[in-house]
Amino acid sequence: MLIAVLFADLAYSQPTSKDGSISLFDGKTLNGWRKAERDTAPDHAWIVQNGELSFDPAIGHGGDIVTTKTFKNFDLSVDFKVSEAGNSGIKYRLLPNTSLGCEFQLIDDSKHPDAKLGINGNRKTAALYDVFPPDPNKPYKPAGEWNTARIVVKGDNVEHWLNGVKVLQYTRGSEPFKQAIAQSKFKSTKGFAEAASSPILLQAHGDKITFRNIKIKEL
């Protein structure tokens, strides 16, 4: 197992870019990623092709995947393409050994029924899923087109960006945050969003989702 982990972590030894970020996906392999709740390789439903990483439920059931490295303060950017009526997410600040954490929602706002639920759009793309909605005037491209998610975490301060525009900002532990959690599906989840650091998670939600250009800068 030690050999497997060391091999996986080779993904993080790549030279940094000029802005100090590193690639979490080399465009060719799944090095640096594992199953979310097991220290094993991602399921075969996660495929790498043409520099893109996809979860395809037509191939298998699969499951969420996480980075083999944990992150505390960071600036993460990910290009994503949601399938028609699709649903997925990018998660951070995970509870240990689980898939539960803060989620940057990725969804077909127009055709997936879950996007119509929640409060004031807090289940639409770029929302903190089921907690805070994004700016309703966000620059969103429809399913089948590429969008870019960006998540900036500095201590308790968090920003969600979509296609170069900041669409949500919140502070963990603040009164508005506590109130929103109390109205969410996570109200009974002890320790939700309290982790100091955790892996980054890509969600397999039963619909096809494609990622590319997954980069992170530690702050």
_Filter region 155-186 down to the residues that are open to solvent by 60 Å² or more (accessible area, probe 1.4 Å), more than 28 Å from Ala85 (Cβ to Cβ) and of a type in the set (D, E, K, R) and list them by number._
Asp156, Glu175, Lys178
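Determine, yes or no, whether Ser99 is part of a loop (DSSP other than H, G, I, E, B), surrounded by fewer than 20 Cβ atoms within 10 Å (Cβ to Cβ) and within 12 Å of the chain's Cα centre (by Cα).
Taking the combined requirement at face value, the residue satisfies it.
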*asked:* I'd like the full set of residues that are at pLDDT 85 or above and polar (S, T, N, Q), limited to region 8-38.
replied: Ser21, Ser23, Thr29, Asn31
*Taking the condition touching a strand residue (DSSP E or B) at 6+ places or on another chain (Cβ under 9 Å) and open to solvent by 10 Å² or more (accessible area, probe 1.4 Å), does Asn73 pass?*
yes
*Quickly run through region 156-206 and pick out the residues that are among the acidic types (Asp, Glu) and over 15 Å from the mean Cα position of the chain (by Cα).*
Asp156, Glu175, Glu194
*Could you list all residues from region 38-70 that are open to solvent by less than 10 Å² (accessible area, probe 1.4 Å) and in a loop (DSSP other than H, G, I, E, B)?*
Ala45
*Run Gly86 past the list (1) of a type in the set (Gly, Ala, Ser); (2) free of Cβ contacts under 8 Å to residues at least 12 places away in the same chain; (3) open to solvent by less than 10 Å² (accessible area, probe 1.4 Å) and report the number of the one that doesn't hold.*
(2)
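The values are calculated or read from the model by the stated rules, or taken from the named source; none is laboratory data. Bear in mind the structure is a predicted one, so any value in this text is a computation, not a measurement. Methodologically, a virtual Cβ is constructed for each residue, glycine included, from the backbone with ideal geometry; neighbour enumeration extends over all protein chains shown. These accessible areas exclude ligands, DNA and RNA; they are computed on the full protein's heavy atoms, side chains included. Shrake-Rupley method; radii C 1.70, N 1.55, O 1.52, S 1.80 Å.
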